[in-house]
Amino acid sequence: MGHSLLLEELGSDARFEVDSAGVSAEERGNPVDSRANAALRRGGRRTMRHIARPVRPEDLANSDLILGMTSRHVRTLRRWAEQYGTDPSRIRMWREFDPAMPLLSEGAHEYELDVDDPWYGGAADFDRTLEELEAGLPQIVEHLGELASAREDS
């Protein structure tokens, strides 16, 4: 759902490429969960087509921003970044950008910023996850704009 939201918000801005990959290979080759697309529709958002794949070393090396949904994901991604010799500071939690969430800089724990996993739930759980993702979306888009401007200035 985060991938779909970012694609929708960034539109056709050629400065950005949005991709999605997982820290696990168990969903490899599977399409978007129909319940996620249903939540996007209910939320007035575009649905998406996507085939799941695991994170590759080049994803870590070539991305300006990598957004993890849970603290476990972020820890795994940072470990891989260090293993592959890429910058782990580009790995952030999606909900770090939600202004209603506690700040890591003020002592919050990353696990407090986990996006709820709706997998074992119903429609309401997917709707809640969509709301969590939407809450940080404007700030993520703003941050991406700042990264793009900095890249253009260098």
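The values are calculated or read from the model by the stated rules, or taken from the named source; none is laboratory data. Being a predicted model, the structure only gives us computed values, none of them experimental. With ideal geometry, Cβ positions are generated from the backbone for all residues, glycine too; neighbour counts draw on all protein chains shown.
Points to keep in mind about this one:
- Residue in segment 57-68 that is part of a loop (DSSP other than H, G, I, E, B), of a type outside the set (Gly, Ala, Ser) and under 16 Å from the mean Cα position of the chain (by Cα) present: yes
- Any hit, segment 32-41, residues being more than 12 Å from the chain's Cα centre (by Cα), modelled with pLDDT of 95 or more and within 24 Å of residue 145 (Cβ to Cβ): yes
Here's the yes/no breakdown for (1) of a type outside the set (A, V, I, L, M); (2) without any contact (Cβ under 8 Å) to a residue 12 or more places away in the chain:
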{"residue": "1", "(1), (2)": "no, no"}
{"residue": "9", "(1), (2)": "yes, no"}
{"residue": "14", "(1), (2)": "no, yes"}
{"residue": "23", "(1), (2)": "no, no"}
{"residue": "30", "(1), (2)": "yes, no"}
{"residue": "42", "(1), (2)": "yes, no"}
{"residue": "50", "(1), (2)": "yes, no"}
{"residue": "59", "(1), (2)": "yes, no"}
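- Output for segment 56-74, where each listed residue is more than 21 Å from residue 1 (Cα to Cα) and either buried (at least 18 other Cβ atoms within 10 Å of the Cβ) or not aliphatic (A, V, I, L, M) (or both): 57, 58, 62
- Of everything in segment 14-29 that is surrounded by 12 or more Cβ atoms within 10 Å (Cβ to Cβ) and over 19 Å from residue 73 (Cα atoms), the residue that is farthest from the chain's Cα centre (by Cα) is 15.
- Qualifying residue in segment 77-97 (condition: loosely packed, with under 13 Cβ neighbours inside 10 Å and either within 16 Å of the chain's Cα centre (by Cα) or among the aliphatic types (A, V, I, L, M) (or both)): yes
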